[in-house]
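Here is the structure we will look at.
We did not get these values from a lab; they are worked out from the coordinates using the rules stated. Because the structure is predicted, anything quoted here is derived from the model rather than measured. All Cβ positions, glycine included, derive from the backbone under ideal geometry; neighbour counts span all protein chains shown.
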Amino acid sequence: MRRAPDLGQALKRAANALSPPTGARLRSGGFILARRPLRTPTLAGGQEAWRRAWDNSRPYRQLMRLSRFEDLALLLLPGAWGLWFAADGPPAASVLAAFVAAAFFMRCAAWTFNDLAEGKVLLFAPESLVARGVLGPRQAAYASAALVLLAALPVALLRWEALLWGAPALLVAVAYPWVKLRSYLAQGLLGAGVAWAVPVAFALQGSAMGKTGWLLFVGTLLWATACHLLYAVPRSAYEAKVGIRSMAQLFGMASRPMALVLQLLALAALWLVGRHEELGPFFAIGLLTALALLGHQQFILREGQGGSWIRAYRANIWLGLAVFCGIAFHFLCLGPR
């Protein structure tokens, strides 16, 4: 005998046949069937896109040496000294932001151009991404030009006259790769590039340099030269091999006392700044702290190994911060003279 169909199963099949499929939408009272479900953006897809973009930018991040920021700190600190003296207190937020942005992009542009130049002029340049073929010369040149424009933009928007004071810093960045091939005083040129942050800071604030500004410039020049000398000592063997000259090769075993002399002269110039500006006890405490930190650096250098020189180089950030705290606490607690 033939079995009668199950009424419940028949109704369920009919309902499934009449229900709209996934991805269907209404138009004029009927269904338009979609062969596949509609796809919507997901959070995971956005994260994957960002991850790919981050991975693709890795050569450019390496080109700009974004994994180490000690040199950026050593560039920002003298600029902060200059900004506070030029403004007789805390600078405006717009001025501070423009200076930090310009310093960051100019620092990245200098590293990028140096990598490009080393790949062009050195016969053996294992540290150059251009020489190793990670990036092409055209890509590095475009990146350098873009970074220089990004550095100039905030300065031009705030006070275009400051661009004239920033031009020597650009010349230093361009000349350095060739100077270090012919002169042992290349670290002095780097020190001048760092010291030029002081005139740019005064120009952004719209103040004249005067005696205070130029004493700060000289102090920063001496201090930054000593910092780069400390950095060059453990690299002297490598640089001599590839054809680069440095003050570390010039002074040899006397590099440690020479760096100390330069730092003491820098503190003396800063002391003259405090005397000229009639700064109070907070600035004196800052200078005494910086002097104690110099003693700590000499204690670090007693080992004479490569790592100790790099630690001493990085310790100069604390020295610069001590000076800045002395300046800032003076203006915040005692005010301008």
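Please arrange R311, R245, R182 by how many other C-beta atoms lie within 10 Å of their C-beta, fewest to most.
Neighbour counts put them in this order, fewest first: R182, R311, R245.
On average over all directions, what projected area in square nanometres does the chain have, based on the convex hull of its Cα atoms?
Taking the Cα atoms of the chain, their convex hull projects to 31.7 nm² on average.
On a straight-distance basis, which aspartates and glutamates could pair with K180 in a cross-link, Cα separation under 17 angstrom, same-chain partners fewer than 8 positions away excluded?
Within the straight-line cut-off, K180 pairs with D115, E118, E127, E239.
If neighbour count is taken as other Cβ atoms inside 10 Å, put Y142, Y313, Y176 in order from fewest to most.
Ascending number of Cβ neighbours within 10 Å: Y142, Y176, Y313.
May I ask you to sort C333, C108 by Cβ crowding, counting other Cβ atoms within 10 Å and putting the fewest first?
Exposure proxy ranking, most exposed first: C333, C108.
If I take every Cα pair under 8 Å that is 6 or more residues apart in the chain, average their sequence separation and divide by the length, what percent do I get for the relative contact order?
Relative contact order of the chain: 17 percent.
For the stretch 143-174 and the stretch 276-337, write down the distance between their C-alpha centroids in whole Å.
The stretch 143-174 and the stretch 276-337 have Cα centres separated by 29 Å.
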